[in-house]
Amino acid sequence: MEKLSDRNNREGIKGWLNPSRYGWERVSYWLQRLTGVGLLAYFVAHIFETSSLTQGPDAWAAMLELTQTPLGHLILLLVIGMSTFHSVNGIRLIFTQGGKGLGNPGRPDYPYDAVSLNYRQKSGIWIALILAGVAMLYGASVLFGGE
Amino acid sequence: MSEQIIEKIETLEKKRDREKKEKEHVKTSVVLKVFRANRSAGENPHFDSIEVPVQRWTTVLDALLHAKQYKDSSIGIRYSCRMASCGSCGMKINGIPRLACYTKVSELEGSTITVEPLANFPHLRDLVTDFTQFFAHHKEMKPYVRNDDSDMKQTDSLTEYVQSPEDLDRFLQFSYCIKCGLCYSACPTVATDTKFPGPQALSQAYRYFSDNRDTATKERMDIVDDKHGIWRCHFAGSCSSVCPKGVDPALGIQLLRGHLLGFSRNEKKIAEKQERLKRD
């Protein structure tokens, strides 16, 4: 006899893979998690990079050279985009998760548009995305623009 | 000039209405891709494709019942009221949790409709899932008004609880929950944390918290203030986007968390204070 837990039918992490099913808030949730993990990976790599200073100036210079390649610049661009989105969206979430900017409970009318999924929230997500794009463009102009 | 603009708008609206009607009339039949599995009997999961005739007003439940009546009587479905009141016919329709009785075939794109059991619920057979855990989470929140000063103990001096329309508006929308489980199925936290109570239970905790007749606030806060509790919600908003009754669980959860964090005014505490001041 099969156990109930074996057919639990939990979506697991694969449930996060298609964020477009539920609208912008789900996309924001997914991006916030993804950028969070990305920034954590960068943080670990950054500690590793700067720790090379303890092995002398030559080791540090060799490590710096790694970041001066096109691939290194692309990674830095991603980090700029991730940190901008994560910070701006994070500020929105601090207020949202404290119940601010969501609207008040009321009597729902058909077609039952949820007040919490309002345009203030959506605008916050779009602003975070636009600012991340602008920061990446500026970063690209500095990193790839040359002197 | 303005007449020309109005005329143009009217022409555009007529064109849009015509296009909408044409689009709705296009489907005369759809193919239902029905998830089939009786796992306790050792049957492997697979999809059966069944073609059913449809009309403009046909719902997915109507289509499924047609398939059950004329094509394959062994399809397992749970349904009851057929009018979005009982919450029995929740299932994933084209990948999104919806009520089959509340989803018209004409609303869906394409001529193939995929129906699967709700995710995050233990699967029983075909489209039927087990709600035991879901109801246990709901029960955990003590979903009833608790009032320690209840004068029901002294029946000789019975009085009614007076509530203003404003008091009612604070919780009314959360009491429209039909426990269909769509929010639980859509929630990405429920998908990974079996101990998380889910949007339905947490929004019910807020429903009783914001009811000024209830005095069990601390008890409920102790339940939701847990590492697997309210803090695991990250406002993906999917619960509110799939709710067929406008309950907006995400709103209730964030407002409840606002109270836990001290971001919001605690109406009950303010009322109690005012009452105390009046007495003194």
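Only the coordinates and a few stated rules stand behind these numbers; no lab work does. Model, not experiment: these values are computed from the prediction. Cβ atoms come from the backbone with ideal geometry, glycine included; neighbour counts cover every protein chain shown.
Could you compute the net charge surrounding A:Leu17? Neighbours are other residues with a C-beta less than 13 Å from the C-beta of A:Leu17; K and R count +1, D and E count -1. It works out to a net charge of +3. Database note for chain B: Cys without another Cys beta carbon under 4.7 angstrom, B:Cys89, B:Cys101, B:Cys177, B:Cys180, B:Cys187, B:Cys233, B:Cys243. Going by neighbour counts of Cβ atoms within 10 Å, the residues B:Phe121, A:Phe48 line up, fewest first, as A:Phe48, B:Phe121. For region B:193-240, the square roots a ≥ b ≥ c of the C-alpha gyration tensor eigenvalues yield an a/c of 1.5 or more together with a/b not exceeding b/c, which makes the shape oblate. Of B:Met83, B:Met221, B:Met141, the sequence from fewest to most neighbouring Cβ atoms within 10 angstrom is B:Met83, B:Met221, B:Met141.
Taking the C-alpha atoms only, the angle from helix B:60-70 to the longest principal axis of chain B is near 50 degrees.
Remark on chain B: ratio of C-alpha radius of gyration to 2.2 N^0.38 Å is 1.26. Ordering A:Ser87, B:Ser210, A:Ser116 by the number of other Cβ atoms within 10 Å of each residue's own Cβ, fewest first, gives A:Ser87, B:Ser210, A:Ser116.
The aspartates and glutamates whose alpha-carbon is closer than 16 Å to the alpha-carbon of B:Lys68, local same-chain residues fewer than 8 away aside, are B:Asp48, B:Glu51, B:Glu116, B:Asp126. Rounded to the nearest 20 debye, the dipole magnitude of the protein assembly as shown is 660 debye, with +1 charges on Lys and Arg beta carbons, -1 on Asp and Glu beta carbons, and the Cα centre as origin. List the DSSP H helices in chain A whose Cα atoms stretch 18 Å or more along the helix axis and whose mean Kyte-Doolittle hydropathy is at least 1.0. Taking the DSSP H segments of chain A (at least 18 Å long, mean hydropathy at least 1.0), we get A:70-96, A:119-145. Note on A:91-100: average number of Cβ atoms from other chains within 10 Å of each residue's Cβ is 6.
Positive end of the dipole of chain B (Cβ unit charges, origin at the Cα centre): among B:Leu158, B:Pro117, B:Leu168, the Cα lying farthest that way belongs to B:Pro117.
Pairs A:Lys100/B:Lys179; B:Lys245/B:Lys278; B:Lys218/B:Lys278; A:Lys122/B:Lys218; B:Lys142/B:Lys227; A:Lys14/B:Lys15: which exceed 31 Å Cα-Cα? The pairs that break the limit, which is 31 Å between Cα atoms, are B:Lys245/B:Lys278; A:Lys122/B:Lys218; A:Lys14/B:Lys15. Counting Lys and Arg as +1 and Asp and Glu as -1, each charge on the Cβ, what is the dipole of chain A about the Cα centre in debye, to the nearest 20? With only Lys, Arg, Asp and Glu charged at Cβ, the dipole is about 800 debye. Would you please classify the overall shape of region A:25-79 from the alpha carbon gyration tensor, given that a ≥ b ≥ c denote the square roots of the eigenvalues, rounded means a/c under 1.5, and beyond that prolate means a/b larger than b/c while oblate covers the rest? Oblate shape, in that a/c is at least 1.5 and b/c is the bigger or equal ratio.
Model label sites at B:Met83 and B:Gln55, defined 7 Å from Cα along the beta-carbon direction, differ in position by 1.9 nm. When a/c reaches 1.5 or more, the comparison of a/b and b/c decides; with that in mind, is region B:2-129 rounded, prolate or oblate per its Cα gyration tensor? Judged from the Cα gyration tensor, region B:2-129 comes out prolate (a/c at least 1.5, a/b above b/c).
Selection among A:Gly98, B:Val247, A:His73 by position relative to the dipole of the protein assembly as shown gives B:Val247 as farthest towards the positive end (Cβ unit charges, Cα centre).
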